[in-house]
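Have a look at the structure below, then the notes.
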Amino acid sequence: MKPKQRASRRGARPTVRNLIVVSDTHSGCRLAVCPPTPIPLDDGGTYHASEFQRKLWVLWREFWDEWVPEVTKGEPYDLVHNGDAVEGVHHGATTTISNNFEDQIRIALGVLQPEVERCRATSGTYYHIRGTQAHVGQSGVYEEQLAKHLGAKPNDTGQYARWDLWKRVGDSKGPLVHLLHHVGTTGSAAHEASAVNAELTAAYVEAARWNREPPDYVVRSHRHRSIAVDIDSAKGYAAAIVTPAWQGKTPYVFKIPGARLSEPQVGGIAIRQGDEEHYYRRWVRTFDRSKEE
């Protein structure tokens with residue numbers, strides 16, 4: 001028996017009550033998620049995923065093949081990539097597979113295109129957010145190229161990769177979500193929630209200032225560490241959620257306070273308009289720390 005969906009006009013797009021968000025896939029990095037099949041490079045060479053990337057790919061497939069169908073109850077879902085889909089050429093990094101952006105975009109397509117097509121097969125829509133310019137180019141130029149290849153829905157100015165997105169999940173009574181890539185960071189685990197709570201508070205202050213509807217969910221990325229902050233509100237509750245990433249620890253991470261002691265976090269989130277209330281779910285996995293000698 002097929003899952004029950006909300007009624008819609010004959011021939012019209014069904015009401016999509018699920019939103020799936022992933023971010024920070026950093027294609028082009030030797031420590032980021034990568035298909036296990038050989039990747040052809042621009043100069044005729046071939047890249048083969050490392051052992052770590054193969055482990056990462058197993059989790060990527062578990063997320064999409066097991067968790068997403070379960071959390072969406074087999075119903076249609078919209079999909080957002082919340083920025084940093086490619087690694088770029090930055091800070092003198094030596095962990096890139098290739099400094100050629102054509103190679104990086106080819107890898108990103110291998111990672112994301114099957115999931116975008118699966119989203120569309122459910123009558124869902126794909127959206128793409130621009131990430132950090134050090135990774136995705138000035139004004140997000142390379143992420144714009146990728147989003148156009150993937151057929152992301154453009155905004156009203158024609159950008160396939162946009163800076164932010166206001167998204168209603170479900171029907172007109174469903175939760176309002178605001179997504180963009182960046183959020184403040186901290187070097188102290190004791191204060192990890194501070195910038196996230198501040199982001200949610202700022203959204204409510206700005207909405208009140210101009211008499212606009214506040215978001216039920218504020219979704220951010222960039223940190224590569226997942227956390228959520230909930231507060232009660234007249235609408236029930238509101239939450240600020242930071243998504244995990246799909247990249248291991250690069251050399252840069254080993255000098256950052258807090259991050260240098262933690263292991264990579266990978267996964268994504270779902271926001272759903274249920275029959276009685278809306279809610280969110282997080283899927284987060286990590287890796288074992290270095291072996292004891």
Percent antiparallel among DSSP beta bridges confined to the chain, rounded to 5, stands at 60 percent
For region 156-163, Karplus-derived ³J(HN,Hα) couplings (6.51, -1.76, 1.60; θ = phi - 60°; whole Hz; x for glycine and proline) come out as 6, 9, x, 7, 6, 10, 9, 7
If one builds a Gaussian network model of the chain from Cα atoms under 10 Å apart, the most fluctuating residue listed among THR132, THR95, THR46 is THR46
Between ALA193 and HIS91, the two model label points (7 Å from Cα along the beta-carbon direction) sit apart by a distance in nm of 2.8 nm
Counting only protein heavy atoms with a 1.4 Å probe and every protein chain in place, the carbon and sulfur fraction of the accessible surface of the chain in whole percent equals 50 percent
Counting only protein heavy atoms and rolling a 1.4 Å probe, one gets per residue an accessible area for region 193-254 in Å² of 46 Å²
Within the set ALA234, ALA198, ALA32, GNM on the chain using Cα springs under 10 Å gives the largest fluctuation to ALA234
Using eta = 1.306 mPa s and T = 10 °C, Stokes-Einstein with Kirkwood Rh from Cα pairs puts D for region 1-122, in µm² s⁻¹, at 99 µm²/s
Within region 78-156, DSSP-loop GluC sites (Glu not before Pro) with at most 11 other C-beta atoms within 10 Å are none
In deg cm²/dmol, rounded to the nearest 500, the helical mean residue ellipticity at 222 nm of the chain, built from -39500 (n - 2.57) for every DSSP H run of length 4 or more, is -7000 deg cm²/dmol
Computed about the Cα centre, the charge dipole of region 176-271 from +1 Lys/Arg and -1 Asp/Glu charges at the Cβ has a magnitude in debye, to the nearest 20, of 380 debye
Sorted list, accessible surface of protein heavy atoms, 1.4 Å probe, largest first, for HIS128, HIS182 is HIS182, HIS128
Rounded to the nearest 0.05, FRET efficiency between ALA208 and THR46 (Cβ-Cβ, R0 35 Å) equals 0.05
A chain fully extended from TYR252 to ALA121 at 0.36 nm per residue, minus the present Cα-Cα distance, gains in nm 43.3 nm
Probe 1.4 Å, heavy atoms of protein chains only: per residue, the accessible area of region 78-184 in Å² is 40 Å²
To the nearest 20 debye, the chain has a Cα-centred charge dipole, built from +1 on Lys and Arg Cβ and -1 on Asp and Glu Cβ, of 720 debye
Projected onto the charge dipole of the chain (unit charges on the beta-carbon of Lys, Arg, Asp and Glu, signs +1, +1, -1, -1), the Cα from ALA190, SER27, THR157 with the largest positive-side position is that of THR157
If every Lys and Arg gets +1 and every Asp and Glu gets -1 at its Cβ, then about the Cα centre region 75-226 yields a dipole, in debye to the nearest 20, of 180 debye
The relative contact order of region 1-132, taking Cα pairs under 8 Å that sit 6 or more residues apart, comes to a percentage of 34 percent
Taking chymotrypsin sites (Phe, Trp or Tyr not before Pro) in a DSSP loop with at most 16 other Cβ atoms within 10 angstrom as exposed, one finds the longest site-free stretch of the chain at 1-162
Those trypsin sites (Lys or Arg not before Pro) from region 187-289 that are DSSP loop and have at most 13 other Cβ neighbours within 10 Å turn out to be ARG212, LYS235, ARG289
So, relative contact order of the chain in percent, Cα under 8 Å, 6 or more apart, is 20 percent
Of ASP216, ASP42, ordered by accessible area with the largest first and a 1.4 Å probe, the sequence is ASP42, ASP216
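The values are calculated or read from the model by the stated rules, or taken from the named source; none is laboratory data. Please read these numbers as outputs of a predicted model, since none were measured by experiment. Backbone-built Cβ (ideal geometry, glycine too); neighbour counts: all protein chains shown. Surface accessibility is based on the protein's heavy atoms, side chains included, excluding ligands, DNA and RNA. Shrake-Rupley method; radii C 1.70, N 1.55, O 1.52, S 1.80 Å.
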